Protein chains: 2
Amino acid sequence: MVTINDIAKRAGVSRTTVSRVINNSGYVSEASKRRIMTAIEETGYVPSEQAKSLRLKRTKVIGVILPKISTETSSRVVDGINSELNSNGYQILLASSDLSMEREIEHLKLLQSRRVDGIILVATNREQPLLNAIHQAEVPVVVLGQDIKGNSSVLYDDYHAAKAVMNAIFAKGHKKIGFIGVHEQDQAVGVERKQAYLDAMAESGVTIEEGWMQEAIFDIDSGATATKQMMQSLVKPTAIFAVTDRLAIGAMQYLQANGLKIPEDIAIIGIGASDLSKYVTPSLSTVDYFHEEAGILSARLLLNNLQNGEKKVEKSLMRYRLIERNSLV
Amino acid sequence: MVTINDIAKRAGVSRTTVSRVINNSGYVSEASKRRIMTAIEETGYVPSEQAKSLRLKRTKVIGVILPKISTETSSRVVDGINSELNSNGYQILLASSDLSMEREIEHLKLLQSRRVDGIILVATNREQPLLNAIHQAEVPVVVLGQDIKGNSSVLYDDYHAAKAVMNAIFAKGHKKIGFIGVHEQDQAVGVERKQAYLDAMAESGVTIEEGWMQEAIFDIDSGATATKQMMQSLVKPTAIFAVTDRLAIGAMQYLQANGLKIPEDIAIIGIGASDLSKYVTPSLSTVDYFHEEAGILSARLLLNNLQNGEKKVEKSLMRYRLIERNSLV
DNA sequence: CTGAAAGCGCTTACAG
DNA sequence: CTGAAAGCGCTTACAG
């Protein structure tokens with residue numbers, strides 16, 4: 001691979017001068033500049049960002065840790081991050097934690113060993129070891145999706161979004177409302193959304209019957225299974241709030257397979273505004289979380305941190321939007 | 001940030017010795033090793049992969065160029081690439097070409113300036129400038145999705161997959177078959193799949209009526225528009241082959257909105273086995289391209305190249321699988 | 001078992 | 001306008 005020394009030799013100057021024209025800084029005679037330019041052309045020389053990074057102590061690379069790569073949410077978030085980063089000359093080094101906290105921590109270290117300038121962590125939990133790893137990080141970390149004390153985060157407004165969902169259901173006259181949630185280890189999805197359900201029910205003075213609250217994992221089949229359980233309750237719900245679209249779609253699948261009509265017999269609503277939600281039949285009412293925007297915002301927060309040098313802690317709350325479609329009437 | 005020199009000083013040895021214990025190579029006395037280990041623990045020292053890379057002339061980073069980040073195909077491919085790469089100690093530097101050839105070329109250079117060890121390019125065209133950029137690359141490039149002469153590629157068997165689609169349609173007794181394609185700049189999707197349609201029709205001796213062949217771009221609405229055009233033909237087709245699932249779903253939307261029953265009035269089939277295809281109503285017949293596997297294969301091809309040092313040109317043809325569902329009966 | 005020295009490819013005061 | 005020198009954080013012959 002051709003280096004700055006090769007160019008210097010070819011052009012008959014020192015590498016200092018070559019460096020000057022590459023970065024056009026300082027004075028260089030037209031003659032030298034011309035010779036250097038042609039040398040670069042002829043050899044196809046591309047300066048090593050890597051060597052430059054070592055010298056300048058910044059890589060222009062941001063590490064992004066995702067819970068899972070091939071998920072709609074992730075790809076939208078990354079899309080947002082990438083566009084914001086790119087227009088500022090940064091690139092993304094990608095890592096997947098596969099939903100394991102150990103791997104989140106591992107990647108936090110791995111990325112630092114690569115000397116990324118900063119890290120965006122799309123987190124799924126707030127366990128102590130993870131918190132420690134975040135606080136010990138030597139580069140700014142922006143956490144997306146979980147509120148980490150003492151650290152910058154971009155947050156979805158899970159509680160109020162879920163409250164909005166409940167209000168929409170109540171507005172249609174439903175009282176008997178079932179809930180499909182996930183494990184409480186996930187603060188945002190597992191705890192906040194559930195709390196909103198509980199509060200909304202309490203505020204409306206309706207008691208939650210046995211079997212109405214189910215816990216699932218993040219996939220469609222699990223949504224179906226949970227619904228099956230729920231429909232064995234003595235008092236059957238007339239509406240179901242599933243904490244994710246996929247869970248909601250699983251519910252729809254199970255109900256339709258068992259001859260129930262949606263929304264006539266039972267209404268469904270999810271959260272996420274997935275592509276899927278738009279094209280299932282009936283179309284699924286849901287909440288848009290603006291994932292791409294969240295990605296952009298995370299990147300921007302990180303870049304601010306980088307540019308100001310200060311480690312300012314900022315919390316940013318995302319907006320959300322209820323999308324009323326045909327699964328809830 | 002703490003460096004190898006800090007550790008050396010703390011442990012009262014030379015940095016050579018520290019390097020030895022980090023990489024456990026060569027002899028080090030137990031005493032020195034112990035002192036070095038505690039120094040590392042106490043400081044939280046993490047060796048700089050970056051500096052190491054400069055010295056070793058390899059970064060253990062692979063560049064991945066995608067036509068678009070937030071697409072189901074992309075995320076599945078990246079998932080495959082990532083898992084294969086990760087288990088070999090490599091990481092992904094991500095880039096998006098946003099479907100523009102200029103940006104494909106730009107990123108090819110940008111990634112090289114970062115001294116990635118190799119590049120996986122998910123390509124959408126085979127224009128000359130791109131070919132040049134690929135051939136001029138100083139690191140191995142594996143191209144996914146387009147057959148590039150003189151370069152390793154992982155290829156989808158577009159022609160035969162599309163032929164299989166046509167056979168499936170014929171098998172149901174259809175003769176009047178419409179086609180929704182894309183621009184020929186895309187060799188794989190635009191040319192190969194169309195050729196299969198043309199050949200299949202010719203081989204069956206059925207003439208293609210005016211209006212049966214439509215060209216769209218890669219989104220759902222465009223599929224609907226194309227279908228609208230098609231349905232204005234004098235002789236209406238009884239089945240439609242759309243070259244992607246999204247196009248097929250657009251067709252379904254338009255047809256259903258206009259009171260037609262699928263598959264009774266008109267059958268539909270796509271390609272891609274998207275998540276969507278499974279959950280629309282009726283479920284969409286399609287072809288699974290095993291994108292994740294394609295990602296794994298691309299990564300493996302690249303790693304082989306890297307390990308053997310030789311620049312062997314290998315073409316790998318992906319398998320495919322027809323999935324018959326309810327949109328075609 | 002250990003360390004001094006050279007070098008990976010750059011940039012940047014400093015001196016001229 | 002230009003270049004020699006130092007240094008970013010590592011590894012690896014080489015010598016002892």
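The values are calculated or read from the model by the stated rules, or taken from the named source; none is laboratory data. Computed from a predicted structure; not experimentally measured. Backbone-built Cβ (ideal geometry, glycine too); neighbour counts: all protein chains shown. Each accessible area value is taken on the protein alone, full model and side chains, heavy atoms only, with ligands, DNA and RNA left out. Shrake-Rupley method; radii C 1.70, N 1.55, O 1.52, S 1.80 Å.
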Query raised in the report: Which residues in segment A:235-267 have a backbone N closer than 20 Å to a point placed 7 Å from the Cα of A:Ser204 along the Cα-to-Cβ line?
Result: A:235-245, A:248-249, A:251-252, A:261-267
Requested in this report: Can you work out the PRE-style zone for B:Leu322? Point 7 Å along Cα to Cβ, and I want the residues of segment B:221-245 with backbone N under 16 Å.
Outcome: B:239-243
Query raised in the report: Placing a label point 7 Å from Cα toward Cβ, how far apart in nm is A:Lys312 from its equivalents in the other copies, listed shortest first to one decimal?
Result: 5.6
Query raised in the report: When DSSP assigns beta bridges and you keep just the ones with both residues in the protein assembly as shown, what percent turn out antiparallel, to the nearest 5?
Result: 15 percent
Query raised in the report: Heavy-atom accessible area of B:Met37 with all protein chains present, probe 1.4 Å, nearest 10 Å²?
Result: 100 Å²
Query raised in the report: What value, in deg cm²/dmol to 500, does the helix sum -39500 (n - 2.57) over DSSP H runs of n ≥ 4 give at 222 nm once divided by the residues of chain B?
Result: -13500 deg cm²/dmol
Query raised in the report: Nm distances between the label at B:Ser204 and the same-position labels in the remaining copies, 7 Å along Cα→Cβ, shortest first?
Result: 5.2
Report summary line: Per principal axis, largest first, the Cα atoms of segment B:20-103 extend in Å by 58, 23, 23
Query - Net charge contributed by nearby residues that have their C-beta within less than 14 Å of B:Ile249 (K/R +1, D/E -1) - result: -2
Query - Inter-probe distance in nm under a simple model that places probes 7 Å from Cα toward Cβ, at B:Ile217 and B:Asn88 - result: 3.7 nm
Report task. Could you tell me the largest-minus-smallest coordinate of the C-alpha atoms of segment B:100-187 on each of the three principal axes, in descending order and whole angstroms? Result -> 56, 20, 19
**Report entry** Global size of chain A as Cα Rg and Dmax, reported in angstrom
**Finding:** 26.0, 90
Report task. Quick one: net charge around B:Ile217, please, counting Lys, Arg +1 and Asp, Glu -1 for every other residue with C-beta under 11 Å from its C-beta. Result -> -3
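At 1.002 mPa s and 20 °C, plugging the Kirkwood radius over alpha-carbon pairs of segment B:221-329 into Stokes-Einstein gives what diffusion coefficient in µm²/s?
On the way: Rh = 15.6 Å.
For the chosen part, D equals 138 µm²/s.
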Report summary line: Taking a crude spin-label model, label points 7 Å out from Cα along the C-beta direction, the B:Lys172 to B:Tyr159 distance in nm is 2.6 nm
**Report entry** Fraction of beta bridges assigned by DSSP in chain A that are antiparallel (%, nearest 5)
**Finding:** 10 percent
**Report entry** Whole-Hz couplings from phi, Karplus 6.51/-1.76/1.60, listed for segment A:279-287; x for Gly and Pro
**Finding:** 10, 6, 10, x, 4, 8, 5, 7, 10
Query - Distribution of pairwise C-alpha distances over segment B:4-47, 5 Å bins, in % - result: 5, 29, 40, 22, 4
**Report entry** 5 angstrom amide H check on B:Val61, placed H, neighbours 5+ away
**Finding:** B:Gln91, B:Asp117
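State the Kirkwood hydrodynamic radius of the protein assembly as shown in Å, one decimal place, computed from all pairs of distinct Cα atoms.
Details: mean 1/r = 0.0363 Å⁻¹.
So the Kirkwood estimate lands at 27.6 Å.
What FRET efficiency, computed as 1/(1 + (r/R0)^6) with R0 = 60 Å and r the Cβ-Cβ distance, is obtained for A:Gln195 and B:Lys57, rounded to the nearest 0.05?
On the way: r = 54 Å, r/R0 = 0.90.
Result of the calculation: an efficiency of 0.65.
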Report summary line: In whole µm²/s, the translational diffusion coefficient that Stokes-Einstein assigns to segment A:187-272, given a Kirkwood hydrodynamic radius over C-alpha pairs, 10 °C and 1.306 mPa s, equals 122 µm²/s
Query raised in the report: Which of the pairs A:Lys9/A:Lys33; A:Lys68/A:Lys228; A:Lys109/B:Lys57 have their Cα atoms more than 18 Å apart in this structure?
Result: A:Lys68/A:Lys228; A:Lys109/B:Lys57
Query raised in the report: Under a 5 Å amide H to amide H cut-off, with H placed in plane at 1.01 Å, what residues pair with B:Ala267 once short-range neighbours are removed?
Result: B:Ala239, B:Ile240
**Report entry** For B:Lys228, label point 7 Å along C-beta direction: distances to other copies, nm
**Finding:** 4.3
**Report entry** Proximal lysines relative to B:Lys315, as straight alpha-carbon distance under 17 Å, when same-chain residues fewer than 8 apart are discounted
**Finding:** B:Lys149
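Rounded to the nearest 5, what % of the DSSP beta bridges within segment B:158-288 are antiparallel ones?
Numbers: 0 of 11 bridges.
Percentage antiparallel, nearest 5: 0.
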Report task. Using θ = phi - 60° and the Karplus relation 6.51 cos²θ - 1.76 cosθ + 1.60, list the HN-Hα couplings for segment A:259-270 in order, rounded to whole Hz, with x at every Gly or Pro. Result -> x, 8, 9, 10, x, 4, 7, 7, 9, 9, 8, x
